[in-house]
Amino acid sequence: MEILKDQKPKTMLDNVLEQFNKTADSMNLNPNIRRILSITNNEIIIHFPVKMDDGSVEIFTGYRVQHNNALGPYKGGLRYHPTVDVDDAKALAMWMTWKTSLAGLPYGGAKGGIQIDPRNYSIGELERITRRFTYALGENIGPEYDIPAPDVNTNEQTMAWMADTFMSTKSPSDRANNKHVVTGKPVGSGGLDGRDRATGFGVYITLRLLFEKNNESLKGKKFIVQGFGNVGYWASKFLNDDGAILLAVQDAHATLYNKDGINVADLYEHCKPRKGSVKGFEGAAEMEPAEFFGLECDFIIPAALGNQITEKNANQIKSKIIAEGANGPTNNEAERILLANGVTIIPDILCNSGGVIGSYFEWLQNRNGELWPLDEVMVKIEKKLTENFKKVYNLMNEEQVDFRTAAYILAIRRIETAYIQRGIFP
């Protein structure tokens, strides 16, 4: 008898295609549009040299995948991480298409990055890497074509370097018209006041709205967070300010637990000089990483990388709510287990959409030559998130489907309508 070999683990791309095909079946998606949406429009791979501080030259590989632009310019983050490759970028670009569509924005989906561990490079080297990558991308990005934003291990400084490099390639009279080539810039360089907290704010708002549907508040609710970067920190801060208690936090270097709650502000101050690591924080004790998702709590926020909740750890989860701060943190096998166990999953394309909504407002602000105050920005983001949450929640109950399927139906239906109305060239 032939011994079957272990199956290759499913990738994020496998997950997103399975999610798409499941939704396409359930909504009887037009087969022609299904073919279009199942592939990416463009996949750009760039190898480029950069001179290091010691005078040596290193070759880097960068990616930009553009999935679909039926609703408007491509939009999506750039991440700096050793795991970045074209398949991950394809998956993340598809998720961005669904996310921007669900949010009702005039955007399509894209994603990309550089295969790099930024901790191994100086600030000067990272600046040269970013500027050289931007130059190499050339006309593959643009304020009305493809608009990058921060993602894992990139930030407002990265975006400032990108914007400056891109604008420097334009004539002096045209530079001001290209400021919105990227979003997530520093406020002093055309950024939106509040963009830094928008993604975490979205996680908080969707959780608050879910509890309100059950006539509950967040006060006294206990939660755990995987990843304490931009999203994990801001989500924790807003939740903590509303009375919720952070029990545990996990990153690549340590897993911390305090039954009485972790002080979010103190942990943030601890992380700043340590490039984001929670390790060594005195306000909590270290615990076994494998036990993290099995902690007793009211909700879990995976806000790190994809494929963190799998069939291997899904049955450990005791929480009845998962709010996806990261993109694709739950694979499909795990989701089936969790749904069978009565767990509610607020899907990434809804839960973490505050970031792209904030990016849209920054893009508009630059485009119109306006400056919006922080309080006005947060009201706009909350209004948009609330509208989107209600649409998904209502469809979920009408169609008797799970959160993710309802979100996908709404997102894909909007793109389908655009193709049907305008036709397909030629």
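The values are calculated or read from the model by the stated rules, or taken from the named source; none is laboratory data. It should be emphasised that the depicted structure is a prediction, and the values quoted were computed from it without experimental measurement. In this analysis, Cβ positions are derived from the backbone assuming ideal geometry, glycine residues included, and neighbour counts consider all displayed protein chains. We work out accessible area using only protein heavy atoms, side chains counted, and drop any ligands, DNA or RNA first. Shrake-Rupley method; radii C 1.70, N 1.55, O 1.52, S 1.80 Å.
Details
- With helices as the sole contributors, the chain gives -13500 deg cm²/dmol at 222 nm; each DSSP H run of n ≥ 4 counts as -39500 (n - 2.57), and the sum is divided by every residue.
- Neighbours of T165, meaning other residues whose beta-carbon lies under 9 angstrom from its beta-carbon, give a summed charge of +1 when Lys and Arg score +1 and Asp and Glu score -1.
- Per-bin percent of Cα-Cα distances, region 135-256 [5 Å]: 2, 10, 17, 17, 13, 11, 11, 8, 6, 4, 1, 0
- Cα shape, region 317-426, gyration tensor, a/c 1.5 rule: oblate
- One Cα centroid belongs to region 24-91, the other to region 300-334; the line between them spans 23 Å.
- Additional length obtainable on full extension of the chain from N397 to A176, 0.36 nm per residue less Cα span: 74.9 nm
- Largest-first ordering by accessible area, 1.4 Å probe, given options D164, D348: D164, D348
- Reported value for region 13-94: 101 Å³ per residue, from the convex hull of its C-alpha atoms.
- Listed residue pairs exceeding 19 Å between alpha carbons, taken from K221/K391; K221/K279; K51/K170; K222/K318: K221/K391; K221/K279; K51/K170
- What the pair-distance distribution of region 238-354 shows, using all Cα-Cα distances binned every 10 Å from zero, is 13, 44, 35, 7, 0 percent.
- Qualifying aspartates and glutamates (Cα of each under 20 Å from Cα of K259; at least 8 residues distant if same chain): D241, D242, D251, E282, E286, E288, E291, E296, D298
- Shown in residue order for region 279-295 are the 3J(HN,Hα) couplings computed by the Karplus curve 6.51 cos²θ - 1.76 cosθ + 1.60 at θ = phi - 60°: 4, x, 5, 7, x, 7, 9, 6, 9, 5, x, 5, 8, 4, 5, x, 5 Hz (x for Gly and Pro).
- Here the extension length gained between R422 and L364 equals 18.4 nm, from 0.36 nm per residue of separation less the Cα-Cα distance.
- Interchain or long-range residues, amide H under 5 Å from T344's placed H: I321, I322
- If R0 is taken as 51 Å, the Cβ-Cβ distance between K383 and K279 corresponds to a FRET efficiency of 0.85.
- Of the peptides 147-157, 351-361, 308-318, 28-38, the ranking by mean beta-carbon count within 10 Å, highest at the top, reads 351-361, 147-157, 308-318, 28-38.
- The ratio of the alpha-carbon radius of gyration of region 323-370 to the globular-protein estimate 2.2 N^0.38 Å is 1.65.
- Taking GluC sites (Glu not before Pro) across region 1-100, the ones in a DSSP loop with at most 14 further Cβ atoms lying within 10 angstrom of their Cβ are E2.
- Note that the chain carries a Kirkwood radius of 22.0 Å, evaluated over its alpha carbons pair by pair.
- Cα gyration tensor shape for region 365-426, rounded if a/c is under 1.5, else prolate or oblate: oblate
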